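Below is one structure, written out as C-alpha coordinates; the observations come after it.
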Amino acid sequence: MPPTPTAVPPALTPLPPTPAPASDLENLAIAFQDAFNKRNLDTALALFRDEGLIFMWDGEKIDNKEDVRSRLEYMTGRGVKLTVSDCKPKGKALVCTLEWLDESCVKAWSGLDVWRYDLTLGALENKIRLFSAIRTSESGQAWVASYRKLINWAEANRPDDLKRVWSPAAYPPSGRALGELESGLCKEYLDSLK
(Lines give C-alpha, C1' and ligand atoms only; values in the text may rest on other atoms or scores of the structure.)
Protein backbone atom coordinates (compact mmCIF):
# COMPACT_ATOMS: atom_id res chain seq x y z
CA MET A 1 0.00 0.00 0.00
CA PRO A 2 1.52 3.33 -1.05
CA PRO A 3 2.11 5.93 1.64
CA THR A 4 -0.55 8.55 2.11
CA PRO A 5 0.68 11.92 0.87
CA THR A 6 0.97 14.55 3.56
CA ALA A 7 0.07 18.13 2.96
CA VAL A 8 3.01 20.49 2.65
CA PRO A 9 2.48 23.58 4.77
CA PRO A 10 2.47 26.79 2.78
CA ALA A 11 5.62 28.90 3.00
CA LEU A 12 5.23 31.72 5.47
CA THR A 13 5.64 35.18 4.07
CA PRO A 14 7.45 37.37 6.56
CA LEU A 15 5.42 40.31 7.74
CA PRO A 16 6.87 43.74 7.07
CA PRO A 17 8.20 45.54 10.14
CA THR A 18 5.53 47.58 11.84
CA PRO A 19 5.96 51.22 12.76
CA ALA A 20 6.33 51.97 16.44
CA PRO A 21 3.22 53.16 18.30
CA ALA A 22 3.14 56.78 19.47
CA SER A 23 4.00 55.89 23.09
CA ASP A 24 7.14 54.07 21.93
CA LEU A 25 8.06 57.03 19.72
CA GLU A 26 7.71 59.42 22.64
CA ASN A 27 9.92 57.14 24.76
CA LEU A 28 12.52 57.18 21.97
CA ALA A 29 12.33 60.98 21.76
CA ILE A 30 12.86 61.37 25.52
CA ALA A 31 15.65 58.77 25.52
CA PHE A 32 17.39 60.72 22.73
CA GLN A 33 16.99 64.00 24.64
CA ASP A 34 18.36 62.49 27.85
CA ALA A 35 21.35 60.79 26.19
CA PHE A 36 22.23 63.92 24.22
CA ASN A 37 21.97 66.21 27.24
CA LYS A 38 24.25 63.85 29.19
CA ARG A 39 26.68 64.04 26.22
CA ASN A 40 26.42 60.29 25.75
CA LEU A 41 26.44 60.29 21.96
CA ASP A 42 26.95 56.52 21.69
CA THR A 43 23.69 55.96 23.55
CA ALA A 44 21.92 58.65 21.51
CA LEU A 45 23.12 57.14 18.23
CA ALA A 46 22.17 53.61 19.30
CA LEU A 47 18.54 54.80 19.18
CA PHE A 48 18.78 55.30 15.39
CA ARG A 49 18.50 52.68 12.65
CA ASP A 50 21.70 51.69 10.91
CA GLU A 51 20.05 51.58 7.49
CA GLY A 52 17.24 53.57 5.97
CA LEU A 53 17.88 56.52 8.29
CA ILE A 54 16.50 59.95 7.42
CA PHE A 55 17.92 62.66 9.69
CA MET A 56 17.08 66.24 8.74
CA TRP A 57 18.03 69.40 10.59
CA ASP A 58 16.77 72.68 9.14
CA GLY A 59 16.70 71.19 5.66
CA GLU A 60 20.13 69.53 5.83
CA LYS A 61 19.58 65.84 5.09
CA ILE A 62 21.94 63.32 6.67
CA ASP A 63 21.53 59.62 5.89
CA ASN A 64 24.28 57.90 7.86
CA LYS A 65 25.12 57.66 11.54
CA GLU A 66 28.69 58.98 11.26
CA ASP A 67 27.45 62.29 9.82
CA VAL A 68 24.70 62.37 12.46
CA ARG A 69 27.44 61.93 15.09
CA SER A 70 29.35 64.86 13.59
CA ARG A 71 26.22 67.03 13.75
CA LEU A 72 25.60 66.05 17.38
CA GLU A 73 29.27 66.70 18.26
CA TYR A 74 28.94 70.19 16.76
CA MET A 75 25.90 70.77 18.95
CA THR A 76 27.77 69.61 22.08
CA GLY A 77 30.59 72.00 21.17
CA ARG A 78 28.01 74.79 21.16
CA GLY A 79 26.82 73.70 24.63
CA VAL A 80 23.33 72.84 23.37
CA LYS A 81 20.66 71.41 25.67
CA LEU A 82 17.56 69.91 24.04
CA THR A 83 14.03 69.64 25.42
CA VAL A 84 11.30 67.56 23.77
CA SER A 85 7.71 68.44 24.70
CA ASP A 86 4.10 68.57 23.51
CA CYS A 87 4.27 65.31 21.53
CA LYS A 88 1.22 64.24 19.53
CA PRO A 89 0.71 61.32 17.13
CA LYS A 90 0.28 62.24 13.48
CA GLY A 91 -0.39 59.23 11.28
CA LYS A 92 2.49 56.81 11.82
CA ALA A 93 4.75 59.58 13.14
CA LEU A 94 5.05 61.66 16.29
CA VAL A 95 5.19 65.44 16.13
CA CYS A 96 6.77 67.31 19.05
CA THR A 97 8.22 70.66 19.98
CA LEU A 98 12.00 70.56 20.28
CA GLU A 99 13.72 73.42 22.10
CA TRP A 100 17.42 74.21 21.56
CA LEU A 101 19.11 76.20 24.29
CA ASP A 102 22.81 76.98 24.26
CA GLU A 103 25.18 79.17 26.23
CA SER A 104 25.32 82.12 23.87
CA CYS A 105 24.74 81.57 20.16
CA VAL A 106 20.93 81.45 20.22
CA LYS A 107 20.95 84.89 21.86
CA ALA A 108 23.73 86.25 19.60
CA TRP A 109 22.24 84.90 16.36
CA SER A 110 18.58 85.65 17.00
CA GLY A 111 18.08 87.70 20.16
CA LEU A 112 15.95 84.85 21.52
CA ASP A 113 16.62 82.73 24.59
CA VAL A 114 15.68 79.46 22.88
CA TRP A 115 15.11 78.18 19.35
CA ARG A 116 12.03 76.11 18.74
CA TYR A 117 11.79 73.37 16.16
CA ASP A 118 8.95 71.24 14.86
CA LEU A 119 10.26 67.71 15.40
CA THR A 120 8.84 64.77 13.48
CA LEU A 121 9.87 61.25 14.51
CA GLY A 122 9.18 57.91 12.92
CA ALA A 123 10.52 54.54 14.02
CA LEU A 124 10.80 51.03 12.71
CA GLU A 125 11.58 48.03 14.88
CA ASN A 126 11.92 50.34 17.92
CA LYS A 127 14.71 52.42 16.31
CA ILE A 128 14.40 55.98 15.05
CA ARG A 129 14.12 55.96 11.27
CA LEU A 130 12.95 59.54 10.71
CA PHE A 131 14.22 62.52 12.70
CA SER A 132 13.26 65.86 11.16
CA ALA A 133 13.77 69.14 13.03
CA ILE A 134 12.61 72.30 11.25
CA ARG A 135 13.00 75.67 12.96
CA THR A 136 9.67 77.38 13.61
CA SER A 137 8.92 80.57 11.70
CA GLU A 138 9.31 82.67 14.88
CA SER A 139 12.84 81.36 15.47
CA GLY A 140 13.72 81.66 11.77
CA GLN A 141 12.57 85.28 11.46
CA ALA A 142 14.46 86.34 14.59
CA TRP A 143 17.58 84.60 13.25
CA VAL A 144 17.45 86.51 9.96
CA ALA A 145 17.06 89.84 11.78
CA SER A 146 20.04 89.41 14.14
CA TYR A 147 22.55 87.17 12.37
CA ARG A 148 23.91 89.90 10.09
CA LYS A 149 24.87 92.03 13.13
CA LEU A 150 26.91 89.15 14.54
CA ILE A 151 28.63 88.60 11.17
CA ASN A 152 29.45 92.32 10.83
CA TRP A 153 30.99 92.29 14.32
CA ALA A 154 33.01 89.13 13.59
CA GLU A 155 34.28 90.53 10.26
CA ALA A 156 35.53 93.63 12.10
CA ASN A 157 36.84 91.97 15.28
CA ARG A 158 37.60 88.29 14.63
CA PRO A 159 37.98 87.90 10.84
CA ASP A 160 40.39 84.93 11.08
CA ASP A 161 38.05 82.97 13.33
CA LEU A 162 35.10 83.84 11.10
CA LYS A 163 37.01 82.42 8.11
CA ARG A 164 37.76 79.26 10.11
CA VAL A 165 34.07 78.86 10.95
CA TRP A 166 33.16 79.15 7.27
CA SER A 167 36.07 77.09 5.91
CA PRO A 168 35.59 73.32 5.78
CA ALA A 169 39.34 73.00 5.04
CA ALA A 170 40.23 74.48 8.44
CA TYR A 171 37.60 72.63 10.46
CA PRO A 172 35.18 69.86 9.62
CA PRO A 173 31.87 71.27 8.37
CA SER A 174 30.44 69.98 11.61
CA GLY A 175 32.03 68.69 14.75
CA ARG A 176 32.89 69.70 18.28
CA ALA A 177 35.76 72.05 17.32
CA LEU A 178 33.50 74.08 15.06
CA GLY A 179 30.81 74.28 17.74
CA GLU A 180 33.34 75.46 20.34
CA LEU A 181 34.74 78.10 17.99
CA GLU A 182 31.27 79.41 17.16
CA SER A 183 30.32 79.45 20.82
CA GLY A 184 33.42 81.51 21.64
CA LEU A 185 32.60 84.03 18.91
CA CYS A 186 29.02 84.33 20.17
CA LYS A 187 30.11 84.89 23.78
CA GLU A 188 32.61 87.56 22.79
CA TYR A 189 30.02 89.29 20.60
CA LEU A 190 27.44 89.34 23.41
CA ASP A 191 30.09 90.71 25.82
CA SER A 192 30.78 93.51 23.33
CA LEU A 193 27.14 94.59 23.54
CA LYS A 194 27.23 95.14 27.30
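The values are calculated or read from the model by the stated rules, or taken from the named source; none is laboratory data. Quick caveat: nothing in here was measured; it's all calculated off a predicted structure. Positions of Cβ are backbone-derived with ideal geometry, glycine not excepted, and every protein chain shown enters the neighbour counts. Areas reflect the complete protein model, heavy atoms only, side chains present, ligands, DNA and RNA absent. Shrake-Rupley method; radii C 1.70, N 1.55, O 1.52, S 1.80 Å.
Shown here: the chain, whose C-alpha atoms stretch 101, 36, 26 Å along the first, second and third principal axes, sorted largest to smallest.
Principal-axis analysis of the Cα atoms of the chain puts helix 137-157 at an angle of about 50° to the longest axis. Axis angle, to the nearest 10 degrees, between helix 22-37 and the longest C-alpha principal axis of the chain: 40 degrees. Computed over the Cα atoms of segment 78-152, pair by distinct pair, the Kirkwood hydrodynamic radius stands at 13.4 angstrom. With the simple model of a label 7 Å out from the Cα in the direction of the Cβ, residue 63 to residue 167 spans 3.2 nm.
Need one number: the % of Cα-Cα pairs in segment 71-116 sitting beyond the 13 Å mark. Beyond 13 Å sits 61 percent of the P(r) for segment 71-116. Residues 56, 75, ordered by accessible area of protein heavy atoms at a 1.4 angstrom probe radius and largest first, appear as 56, 75.
How many lysine pairs in the chain, separated by 8 or more positions in sequence or lying on different chains, have Cα atoms less than 23 Å apart? Eligible lysine pairs with Cα atoms under 23 Å apart amount to 26. Dipole magnitude for segment 89-155: about 280 debye, using +1 per Lys or Arg Cβ and -1 per Asp or Glu Cβ, origin at the Cα centre.
Could you calculate the FRET efficiency of residue 113 with residue 23 from 1/(1 + (r/R0)^6), where r is the beta carbon distance between them and R0 is 35 Å, rounded to 0.05? So the FRET efficiency works out to roughly 0.70. Placing a pseudo-label 7 Å from each Cα along the Cα-to-Cβ vector at residue 126 and residue 190 gives an inter-label distance of 4.0 nm.
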